[in-house]
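The values are calculated or read from the model by the stated rules, or taken from the named source; none is laboratory data. All of these numbers come straight from a predicted model, not from anything done at the bench. Here Cβ is always computed from backbone atoms with ideal geometry, including for glycine, and neighbour counts include all displayed protein chains. Note: areas computed on protein heavy atoms with side chains; ligands, DNA, RNA excluded. Shrake-Rupley method; radii C 1.70, N 1.55, O 1.52, S 1.80 Å.
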Amino acid sequence: DTAVSQTPKYLVTQMGNDKSIKCEQNLGHDTMYWYKQDSKKFLKIMFSYNNKELIINETVPNRFSPKSPDKAHLNLHINSLELGDSAVYFCASSQDMGLGLYEQYFGPGTRLTVT
Amino acid sequence: SQQGEEDPQALSIQEGENATMNCSYKTSINNLQWYRQNSGRGLVHLILIRSNEREKHSGRLRVTLDTSKKSSSLLITASRAADTASYFCATDAGTGANNLFFGTGTRLTVIP
C-alpha cells in the first residue's frame, strides 16, 4: 500500500503547454503539501493545504494552481509551462500542522521536463 | 531566506565508519527534523528534535541541537552501504505552520 502516490512519475512537455500532476494520500492526514526540487537538490515548499483549505502559498507564480477536491487529494495544475519549471515535484502529507511538529510523508516525485 | 545549510555538501566514508553531518539555520525554530532521500526517490523522515531538547537517539542515529548556535548535527554510527543517500535537515522557521524549510542537503556515500 503506497501511503502517498503521485501520477505521473515522468512528464515531458513543451513550453506553453498546460499540465497537471495528481497526488493522493491514504494515511488519513489533514495536511498536504507541494514541494519543488531543483537540479541542485534544493527542496522548496510551494503550497500547503489543511482540510482542503490553502494555508500557505510561498510566492509561487499564479501559473501554478493547486486544487484539493477532498482531504486525500491535492492536485497541481501548471499553465503556460516554462523551461524553468523543469524540476522534480513532490507531494507530501502530515497528520496535522503546527510548529513543524509533524513528520511529513513524501510521494515518489514527478519529474517534469519542459522542452 | 529561511533555508538551512548542510555541511559538508558531500561526504564519502568506508563502511563501518561513522558519518557526521551538520546543519545550520538562520531563524528561531520550534522543531528540527532530519530526512533522507535515496536517489530518485521521495524523502523519508528520520528523526525530529524539539527546540528544548539537546540530543536524541534512534537506532544508529544520533541528533544534537544547539539553539544558541542555530545548528544541528546528525551522526550515523557504523555506517552501511545502504546508508548511501542525501540527508536534509528541515525546520519550521518559527512560522507556526507545519511548513518545513529544507537545507541544501549532504550527499553521503558509504563505500563497501
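General remarks:
- Mean projected area of the convex hull spanned by the Cα atoms of the protein assembly as shown, taken over all viewing directions: 12.1 nm².
- Residue mean of other protein chain beta carbons inside 10 Å, A:88-101: 5
- Accessible surface buried upon B-A contact (total; probe 1.4 Å; Å², nearest 100): 1900
- Percent RCO, i.e. relative contact order, over the range A:44-115, from Cα pairs under 8 Å lying at least 6 residues apart: 23
- Those residues of the range A:71-115 whose amide nitrogen sits under 12 Å from the label point placed on A:Tyr10, 7 Å along Cα→Cβ: A:111-113
- For residues of B:99-108, the mean tally of beta carbons on other chains within 10 Å: 5
- Highest to lowest packing among A:17-24, A:52-59, scored as the average C-beta count within 10 Å: A:17-24, A:52-59
- Neighbouring partner chain Cβ atoms per residue of B:26-38, average, 10 Å criterion: 2
- Fraction of accessible area attributable to carbon and sulfur, the protein assembly as shown (%, probe 1.4 Å): 47
- Solvent-accessible area per residue, Å², over the protein assembly as shown with all protein chains present [probe radius 1.4 Å]: 47
- Restricting the range B:4-55 to trypsin sites (Lys or Arg not before Pro) that sit in a DSSP loop and have at most 15 other Cβ atoms within 10 Å of their own Cβ leaves B:Lys26, B:Arg41, B:Arg54.
- The distance separating the Cα centre of the range B:54-112 from that of the range A:36-115 comes to 22 Å.
- Reduction of at least 10 Å² in accessible surface, 1.4 Å probe, comparing all protein chains with the chain by itself, residues of the range A:23-43: A:Tyr33, A:Tyr35, A:Gln37, A:Lys41, A:Phe42, A:Leu43
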